[in-house]
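Below is one structure; the comments refer to it alone.
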Amino acid sequence: MNVDRDQIEAHLRLHVDRLAGLIGPRTLKKPKTIQATIGYIEGQWSEMGYANTRECYDALGDEATNLIVEQPGAKRPNDIVLLGAHYDTVSTTPGADDNASAVAVLLEVSRLLQAHTGRRTARYVAFACEEPPYFNLDSMMHGIKPDMRYRTDREDQQVFGDASHGIVATEGARQVNCVQLC
């Protein structure tokens, strides 16, 4: 794979600028910001050639939406490698570091691996409702657990590895071990 670091940096900066700068705080109590965020993420994936699905659930009376893209694996399609990031913020911040930076990584990794067919299925998930007061809801258990690992309801599938990004690209940010999709 030919990697252009300048292009990657430009894409990451653009995503963070659009999410944190243009859209700003992203919370279910401001539904227009959530819809704008969903539109942005879906638009990016669509431009890459992906078709995403939506997983909607009730979050304290508001509708929350997880966005999911899958690239089936060639040899072990029931083994799933997950890359996820939450797109919501607390209401008082535009969320550049928590969590537009991780959404930017999610989008850029999915772009870079778009033409790659791994042995295992790659699942990219943009999660809603990681921030309070939503992050510990029982209703979230349909799609996500409080530790943000996406669960599969199919018995023939298992999540082989996952990296759910929190704050990235800031001083002191935690590192996430990556699982190879090959």
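Points to keep in mind about this one:
- Each of VAL3 and THR117 was given a label point 7 Å from its Cα along the Cα-to-Cβ line. The distance between the two points is 2.4 nm.
- Phi-based couplings in Hz for region 64-69 (Karplus 6.51, -1.76, 1.60; Gly and Pro marked x): 10, 9, 8, 10, 10, 10
- Cα gyration tensor category, rounded, prolate or oblate, for region 1-112 with a/c compared to 1.5: oblate
- Vicinal HN-Hα couplings computed from phi for region 114-131 (Karplus, 6.51 cos²θ - 1.76 cosθ + 1.60; Hz; Gly/Pro x): 4, 8, 8, 10, x, 5, 9, 6, 9, 10, 9, 10, 9, 8, 9, 6, 8, 8
- Long-range HN-HN contacts of ARG26 with modeled amide H, under 5 Å: THR89
- Mean Cβ count within 10 Å, highest first, over the residues of peptides 118-129, 99-110: 99-110, 118-129
Any read-out appearing in this document is the output of simple, stated calculations on the displayed coordinates, not a laboratory observation. In this text the structure is predicted, and so the values were computed from the model without any measurement. Positions of Cβ are generated from backbone atoms using ideal geometry, with glycine treated the same way; all protein chains shown enter the neighbour counts.
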